[in-house]
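The values are calculated or read from the model by the stated rules, or taken from the named source; none is laboratory data. All of these numbers come straight from a predicted model, not from anything done at the bench. Positions of Cβ are backbone-derived with ideal geometry, glycine not excepted, and every protein chain shown enters the neighbour counts.
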Amino acid sequence: MRIMDFVKRRAVTVNLKSNDKEGVVKELVDLVIKTKQVKPRDKGSLVKILIDRELLGSTGIGQGIGIPHGKSPKIKSLIGAIGISKEGVNFDSLDGEPTYIFFLLLAPQESAGPHLKALARISRLLKDKYFQDLLKNAKSEKELINFIIREDQKRH
């Protein structure tokens with residue numbers, strides 16, 4: 001599984017504006033809505049699912065990375081979005097540091113396999129500090145996507 005198999009190009013931004021957890025989650029859901037994989041009317045329920053998941057334990061895994069994720073009956077197949085915050089966000093990360101790189105995952109209610117594979121794939125790619133820095137400093141969405149495609153090919 002490659003990242004761009006479940007992240008559409010329109011669901012990527014290098015310019016998240018929000019400076020809090022809920023704002024970032026809303027922005028990431030908006031990116032998914034732009035791809036037409038999710039209906040705008042479902043935004044509220046998806047944001048609630050993601051925020052409720054955060055209450056169980058932060059998906060801010062540390063080292064500037066957050067992977068908010070959740071499952072919904074509104075989702076038919078694994079969907080992702082990627083956002084970069086230049087300023088960093090307090091995402092209640094395990095290490096207490098600001099979060100800059102966000103990977104959103106939305107999965108169908110009854111699925112486990114693809115969702116867990118995607119989490120593992122993202123975690124594996126993001127262990128590389130050099131790769132993290134590339135993503136954090138990407139100047140455009142196109143550059144960010146190219147970094148991800150290249151890294152995915154190297155580590156497939």
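Miscellaneous remarks
- Listed by position, the strands (runs of 3 or more DSSP E) contained in region 61-156 that have at least 3 residues being in contact with a Cys (Cβ under 7 Å, 6 or more places away or on another chain) and within 22 Å of Lys36 (Cα to Cα) form an empty set.
- Condition check for Val38: in contact (Cβ under 8 Å) with a residue 60 or more places away in the chain and more than 26 Å from Leu125 (Cα to Cα): yes
- All of Ile49, Ile33 fail the test of being in a helix (DSSP H, G or I), closer than 29 Å to Arg150 by Cα and over 12 Å from the mean Cα position of the chain (by Cα), apart from Ile33.
- Apart from one condition, Leu106 fits all of (1) exposed (fewer than 14 other Cβ atoms within 10 Å of the Cβ); (2) under 15 Å from the mean Cα position of the chain (by Cα); (3) of a type outside the set (Phe, Trp, Tyr); (4) farther than 22 Å from Gly62 by Cβ; the exception is (1).
- Being in a loop (DSSP other than H, G, I, E, B), at pLDDT below 95 and surrounded by 19 or more Cβ atoms within 10 Å (Cβ to Cβ) is a condition met by no residue of region 18-29.
- Among residues of region 69-103, those that are of a type in the set (D, E, K, R) and more than 16 Å from Gly57 (Cβ to Cβ), counted: 5
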